[in-house]
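Here is the structure we will look at.
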Amino acid sequence: SRRRLSLWDVPKAEIERLEKTRQVNRTFPLLAPRAGTVVAKQVLQGMVVDPSVELYTLSDLSSVWVLADVYETDVPYVHIGDKAQLAIEGREAPLDASISFLSPTIDEPSRTRKVRFVLPNPKGLLLPGAFVNVTMESPLGKGLSVPESAVIRTGARSIVFVVHGEGPVHIEPREITLGPLVGDRYRVERSLQAGEKVATGAQFLLDSESRLRATSAPGGGHVH
């Protein structure tokens, strides 16, 4: 937790002395309301300050927060209490942790939800600002999936090219509904059936113009 120190924290005794004597001391003690580590300093010697100026920011580093971003498509599979492994830059072994808080909102620019982990830090070895990679495993059950390279993302739409035929082939662009990305494969929620073939980057070369024509045509397109 953090606590900001300002002139509102001037000791009551000093304020009472000033009101009585009308004499200003050049110096007086300004005690922090709690123990901690100075993580930000906004004041320099000789500055003119008022109660709106934050002089110092104190932080209790005996425990630290790790904030992770979960993509919007993965939000339904993440819950408070879920286990995770946190790989922190500068540490050899990952740390085990559980989700302690989920943000109630989605960050609009990144389309992600903030997830919070709390880690004990009695020796101060975990430093605020360090990069952390979070790995979580969620049971998704069985389902249909396609390679990530088979999916074209066009804003809010996800499109695959379904392959029909064996000789001259018919390529049908089809909008599908995706679930989470697991490894290099997307789970497919709707609009694709087991056994249907989809084109991937290694199988077909579809230039950007033909993709645009195919996705905009109501009945699909043909590629030979």
Item to check | Some residue of segment 38-47 being touching a residue at least 40 places away in the same chain (Cβ under 8 Å), of a type in the set (D, E, K, R) and open to solvent by 50 Å² or more (accessible area, probe 1.4 Å) | outcome: no
Checklist entry - Any idea how many residues of segment 76-98 are assigned to a strand (DSSP E or B) and touching a residue at least 24 places away in the same chain (Cβ under 8 Å)? => result 8
Checklist entry - Could you list, in sequence order, the residues of segment 108-135 that are within 14 Å of the chain's Cα centre (by Cα) and in a strand (DSSP E or B)? => result THR112, ARG113, LYS114, VAL115, ARG116, PHE117, VAL132, ASN133, VAL134, THR135
Next on the checklist: For segment 77-113, which positions are open to solvent by less than 90 Å² (accessible area, probe 1.4 Å) and at positive phi?
Outcome noted: GLY81, GLY90
Item to check | Filter pass, SER138 being in contact with a helix residue (DSSP H, G or I) (Cβ under 6 Å, 6 or more places away or on another chain) and either open to solvent by 40 Å² or more (accessible area, probe 1.4 Å) or in contact (Cβ under 8 Å) with a residue 40 or more places away in the chain (or both) | outcome: yes
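The values are calculated or read from the model by the stated rules, or taken from the named source; none is laboratory data. Because the structure is a prediction, the values reported are computed rather than measured. Don't worry about glycine lacking a Cβ; one is built from the backbone with ideal geometry, like all the others, and counts go over all protein chains shown. To get the accessible areas, we keep the full protein, side chains included, count just its heavy atoms, and leave off ligands, DNA and RNA. Shrake-Rupley method; radii C 1.70, N 1.55, O 1.52, S 1.80 Å.
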